[in-house]
Amino acid sequence: MQKTKSVSQRIDALRKEIREHNFHYYVEDDPDIPDVEYDRLLRELENLEVENPGLITIDSPTQRVGAEPLKVFSQVTHRVPMLSLSNAFSKEEIETFDHRIRENLEADEIEYAGEPKLDGLAISLRYENGELVQGATRGDGATGENVTHNVRTIKSIPLKLRGTNIPPLLEVRGEIFMPKKGFDDLNTRQQKMGEKAFANPRNAAAGSLRQLDPKITATRPLTIYVYALGEVSESFHFDDHFSLLQQLKKWGLPVCSEIQLVKGASGCQKYYEYLGEKRNGLPYEIDGVVFKVNNYKQQQRMGFVAKAPRWAIAHKFPAQEEMTIIEGIDVQVGRTGALTPVARLKPVFVGGVTVTNATLHNQDEIDRKDIRIGDTVIVRRAGDVIPQVVKVVLSKRDDKTKEFRLPQKCPVCDSDVFKDEGEAVNRCSGGLYCGAQQKEAIKHYASRKAMDIDGLGDKLVEQFFEEKLIENIADLYKLERDDLVKLERMGEKSVDNLLVAINKSKETTLSRFLYSLGIREVGEATAMALANYFGSLDEVKKADAETLQKVPDVGPIVANHLAHFFSQSHNVEVIEKIIEAGVHWPKPLAKTGAQVLDKMTFVITGTLVSFSRSEAKAQLQALGAKVTGSVSKNTNYVIAGADPGSKADKADKLGVKVLSEDDFNHLLQAPQEYLVSLDG
Ligand code: IVH
């Protein structure tokens, strides 16, 4: 008896603790324990439940995936209908919307909640006495499908709410969606398994939620933000939407952190522009913003028309997908010899710009999507990303379309084209014999993140190359003033400026120089990791593939590319010439290898501009530092990018030093200046 009681107490305590960690992880976006510790708790609970099956309850965090797939979905009637939103496509339409509300309510200024319009699918979650009892799709707004078994597998959806004063009945509405990264990973997995890729995250989310077998849904990276109420207990009242959302958060339901209160049509416009700029950097897809009258009494007075409230509106971003025709396919040869088929499109206006080209990636992609010259296709342009062909509109295909195959010979230098085993890319075998590869290597060398030769843009490199003034990067340092001033469109002043810039680039850093060489797969982060690890170019050159792999961020493929690059005599010769010309960098730090920052612990938070989080992490690890997910008194530094959130606050509270991205860049150049010990 005694034993059972203590076991059941332990089980209760574990469930409660796991729920709290879920809250920190999914709602606060601020994990409070390491993953391994969380897994340990979950395993302990699982083991106790296996030993004591009588103590298993449906709301236990172990009970997310049910045993049996469904045969069919049952229907759910929405007692409070699930509405949709009216759309606006311009600033003027928002002004009209705001004007109508002000007139109706006889108010001078209206407060709105501005929210991202998430591109997923609407869901209604029903909690009875704090327990999740039902999840239903919107359907036609009056009747939807019962997808409870699948909703339960989504880890950010609490099976049991936390906190106090939870109404006996609480129906919340929100959007289930697939974050961009999860979508990319899922598609990569699908393709590896020979399954069809999903066209966009929305389709992937919808397809994943409408599975009869919850085991499949459980493998899909779905998540949720809630943004409205459905049916609730009569006793439940709130004055305004924004405070309701804060309360839902406290009960453990994820709410989007981008939601803001704004005032009037001008506030709406500012929010629209703000989020429009942020859109591509967000980890999930949005297709516009939503404005909702914040005050509930005012909402009630506005009421509804047909299926949409009169107190809310969606301001959509310009479409990112349009239809057009592929007029031809060109082949480009890149810096690493990769042959890229590029579709020449009938010009089309997509996502705010006119698009005339779209990358087709490689032959496999063309085959998989069955793309032919003359086809009508859907083109997608998301932000600064190169436009993509999403799919062919087969219903518009006629018998004049032509299939396309990449050439067997390089279109620039006529060398053989090869394809490495397991790779999708066809490459020119010409190496630096190939004009295209030489030219691209020089462009890369001069580019901003590489040697940053001010004024030496792609066009000028093309011109110098055509005029045979340069053949390889070392030739840049031999350019003569007299030759340059003779060129078309080159004034004396710009020649002088250029020569100064070339001269200035001679003073550099080892990591920049390594990156500038354009070695396959060696990006900025890898270059920096190499520089930090080896300290000198000679050491990098000497290292074999095995030694190279000791560097964080360097796997067998990158190691092979590096070793191959330095084994080529023409590369070594060019490097020698560059160094003879005077390119130099500071001597290595006294302490090299993976040691400088050993015993130091960092936390990275917010969005960094020039690194992804994993790149930043690799950089720190290359210097011997530990990088953890949560701030504690053992943290030496918190590196805070844009919108750092609660981790930076916690650092402040604990007196942990916070570094900006600029500080971080400086730290990577001079880590020894940042050595501190927590004891003193
Ligand atoms: S509120 C009472 N808020 O857009 C209004 N909907 O076009 C109910 N959506 O069916 C919807 N983000 O699937 C609302 N922040 C947001 C939203 C949002 C996306 C979707 C939702 C809805 C559709 C209407």
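The values are calculated or read from the model by the stated rules, or taken from the named source; none is laboratory data. Quick caveat: nothing in here was measured; it's all calculated off a predicted structure. As a convention, Cβ positions derive from the backbone with ideal geometry for all residues, glycine included, and neighbour counts pool all protein chains shown. The accessibility values were calculated without ligands, DNA or RNA, using every heavy atom of the protein model including side chains. Shrake-Rupley method; radii C 1.70, N 1.55, O 1.52, S 1.80 Å.
So which residues in the range 90-105 are among the acidic types (Asp, Glu) and either open to solvent by 60 Å² or more (accessible area, probe 1.4 Å) or assigned to a loop (DSSP other than H, G, I, E, B) (or both)? So that I can check it myself, show each step before the final result.
Taking the range 90-105 as the starting set, the residues that turn out to be among the acidic types (Asp, Glu) are 92-93, 95, 98, 103.
Result: GLU92, GLU93, GLU95, GLU103.
For the range 277-286, give me each residue that is open to solvent by less than 50 Å² (accessible area, probe 1.4 Å) and either more than 23 Å from ASP29 (Cβ to Cβ) or not in a helix (DSSP H, G or I) (or both). It would help to see each step written out before you state the result.
Let us first name the residues in the range 277-286 that are open to solvent by less than 50 Å² (accessible area, probe 1.4 Å), namely 278-279, 282, 284-286.
Listed by number, the residues that qualify are LEU282, TYR284, GLU285, ILE286.
Within the range 66-89, track down each residue that is more than 11 Å from LEU212 (Cα to Cα) and either without any contact (Cβ under 8 Å) to a residue 24 or more places away in the chain or part of a strand (DSSP E or B) (or both).
Those that are more than 11 Å from LEU212 (Cα to Cα) and either without any contact (Cβ under 8 Å) to a residue 24 or more places away in the chain or part of a strand (DSSP E or B) (or both): ALA67, GLN75, VAL76, THR77, ASN87, ALA88.
I'm checking my understanding of the structure. Among residues of the range 116-135 that are away from the ligand (no atom under 16 Å from the Cβ) and of a type in the set (D, E, K, R), which one is nearest to LEU85 (Cα to Cα)? Working first, answer last.
If we filter the range 116-135 for residues that are away from the ligand (no atom under 16 Å from the Cβ), which is where we start, we get 126-134.
So of that shortlist, the ones also of a type in the set (D, E, K, R) come out as 126, 128, 131.
Working: ARG126: 22, GLU128: 28, GLU131: 29 Å.
Checked the range 116-135; the qualifying residue nearest to LEU85 (Cα to Cα) is ARG126.
Within the range 343-396, work out how many residues are in a loop (DSSP other than H, G, I, E, B) and modelled with pLDDT under 90.
Applying the first criterion (in a loop (DSSP other than H, G, I, E, B)) to the range 343-396 yields 351-352, 360-362, 370-372, 374-375, 381-387, 393.
Then keep just the ones that are modelled with pLDDT under 90; that gives 351-352, 381-386.
Counting residues in the range 343-396 that are in a loop (DSSP other than H, G, I, E, B) and modelled with pLDDT under 90 gives 8.
Show the residue pairs meeting these rules: Cβ distance below 8 Å; 6+ apart or different chains; first residue within the range 122-138 and under 17 Å from GLN63 (Cβ atoms); second residue modelled with pLDDT under 95 and away from the ligand (no atom under 16 Å from the Cβ).
That search, which allows pairs on different chains as well, returns GLU131/ILE58; GLU131/ASP59; LEU132/ASP59.
Among the residues of the range 317-332, are any surrounded by 16 or more Cβ atoms within 10 Å (Cβ to Cβ), within 15 Å of the ligand (Cβ to nearest atom) and at pLDDT below 95?
yes
Every residue in the range 163-222 that is open to solvent by 40 Å² or more (accessible area, probe 1.4 Å), farther than 16 Å from ASN150 by Cβ and among the charged types (D, E, K, R), please.
Within the range 163-222, LYS180, LYS181, ASP184, ASP185, ARG189, LYS192, GLU195, LYS196, ARG202 qualify.
For residues that are small (Gly, Ala, Ser) and either part of a helix (DSSP H, G or I) or touching a residue at least 40 places away in the same chain (Cβ under 8 Å) (or both), tally how many sit in the range 457-501. Before you say what the answer is, go through the steps one by one.
Keep residues of the range 457-501 that are small (Gly, Ala, Ser), which gives 457, 474, 491, 494, 501.
Next, only the ones that are either part of a helix (DSSP H, G or I) or touching a residue at least 40 places away in the same chain (Cβ under 8 Å) (or both) stay: 474, 494, 501.
Matching residues across the range 457-501 total 3.
THR143 versus (1) open to solvent by 10 Å² or more (accessible area, probe 1.4 Å); (2) touching a residue at least 60 places away in the same chain (Cβ under 8 Å); (3) more than 16 Å from the ligand (Cβ to nearest atom): which is the lone unmet condition?
Among (1) open to solvent by 10 Å² or more (accessible area, probe 1.4 Å); (2) touching a residue at least 60 places away in the same chain (Cβ under 8 Å); (3) more than 16 Å from the ligand (Cβ to nearest atom), the lone unmet condition for THR143 is (3).
Just to be sure, is VAL289 over 27 Å from ARG126 (Cβ atoms) and open to solvent by less than 40 Å² (accessible area, probe 1.4 Å)? First the steps, then the outcome.
Numbers: over 27 Å from ARG126 (Cβ atoms): yes; open to solvent by less than 40 Å² (accessible area, probe 1.4 Å): yes.
It is true that VAL289 is over 27 Å from ARG126 (Cβ atoms) and open to solvent by less than 40 Å² (accessible area, probe 1.4 Å).
Would you call LYS459 modelled with pLDDT of 90 or more and either under 19 Å from PHE513 (Cβ atoms) or under 37 Å from the mean Cα position of the chain (by Cα) (or both)? If you could, list the steps in order and put the result at the bottom.
Values: modelled with pLDDT of 90 or more: yes; either under 19 Å from PHE513 (Cβ atoms) or under 37 Å from the mean Cα position of the chain (by Cα) (or both): yes.
So LYS459 fits the description; yes.
With the checklist (1) among the aliphatic types (A, V, I, L, M); (2) surrounded by 13 or more Cβ atoms within 10 Å (Cβ to Cβ); (3) more than 16 Å from the ligand (Cβ to nearest atom) in hand, flag the one item ALA113 doesn't pass.
(3)
Quick check: anything in the range 75-92 more than 16 Å from the ligand (Cβ to nearest atom) and closer than 30 Å to VAL7 by Cβ? Break it down stepwise before answering.
So the first thing to find is which residues in the range 75-92 are more than 16 Å from the ligand (Cβ to nearest atom), and the list is 75, 77, 90-92.
Within this subset, residues satisfying the condition of being closer than 30 Å to VAL7 by Cβ are none.
So far as the range 75-92 goes, no, none of its residues is more than 16 Å from the ligand (Cβ to nearest atom) and closer than 30 Å to VAL7 by Cβ.
Only one of these is away from the ligand (no atom under 16 Å from the Cβ) and either buried (at least 17 other Cβ atoms within 10 Å of the Cβ) or at pLDDT 95 or above (or both): GLU49, GLU37. Name it. It would help to see each step written out before you state the result.
On the way: GLU37 fails: either buried (at least 17 other Cβ atoms within 10 Å of the Cβ) or at pLDDT 95 or above (or both).
Answer to the selection: GLU49.
Taking the conditions exactly as written (part of a loop (DSSP other than H, G, I, E, B), surrounded by 19 or more Cβ atoms within 10 Å (Cβ to Cβ) and in contact (Cβ under 8 Å) with a residue 40 or more places away in the chain), does ALA441 satisfy them or not?
Working: part of a loop (DSSP other than H, G, I, E, B): no; surrounded by 19 or more Cβ atoms within 10 Å (Cβ to Cβ): yes; in contact (Cβ under 8 Å) with a residue 40 or more places away in the chain: yes.
When the stated conditions are applied, ALA441 does not pass them.
Output the residues belonging to the range 202-237 that are closer than 18 Å to GLU171 by Cβ and either of a type in the set (A, V, I, L, M) or within 15 Å of the ligand (Cβ to nearest atom) (or both).
If the condition is that a residue be closer than 18 Å to GLU171 by Cβ and either of a type in the set (A, V, I, L, M) or within 15 Å of the ligand (Cβ to nearest atom) (or both), then LEU209, ILE224, TYR225, VAL226, TYR227, ALA228, LEU229, GLY230, GLU231, VAL232 are the ones that fit.
May I ask you to list the residues in the range 116-137 that are modelled with pLDDT of 95 or more and either β-branched (Val, Ile, Thr) or open to solvent by 20 Å² or more (accessible area, probe 1.4 Å) (or both)?
Of everything in the range 116-137, those that are modelled with pLDDT of 95 or more and either β-branched (Val, Ile, Thr) or open to solvent by 20 Å² or more (accessible area, probe 1.4 Å) (or both) turn out to be LYS117, LEU121, ALA122, ILE123, ARG126, GLU128, ASN129, GLU131, VAL133, GLN134, THR137.
Inside the range 511-575, counting only helices (runs of 4 or more DSSP H) that do not spill past its ends, which hold 3 or more residues that are among the hydrophobic types (A, V, I, L, M, F, W, C)?
In the range 511-575, 524-534, 556-567 are the helices (runs of 4 or more DSSP H) which contain 3 or more residues that are among the hydrophobic types (A, V, I, L, M, F, W, C).
What helices (runs of 4 or more DSSP H) lie completely within the range 171-276 and have 2 or more residues being without any contact (Cβ under 8 Å) to a residue 60 or more places away in the chain and of a type in the set (D, E, K, R)?
Values: elements: 180-192, 201-209, 214-218, 241-250.
Those helices (runs of 4 or more DSSP H) span 180-192.
Among ALA306, ALA312, which is open to solvent by 20 Å² or more (accessible area, probe 1.4 Å), of a type in the set (A, V, I, L, M) and within 15 Å of the ligand (Cβ to nearest atom)?
Details: ALA312 fails: open to solvent by 20 Å² or more (accessible area, probe 1.4 Å).
Residue meeting the stated conditions: ALA306.
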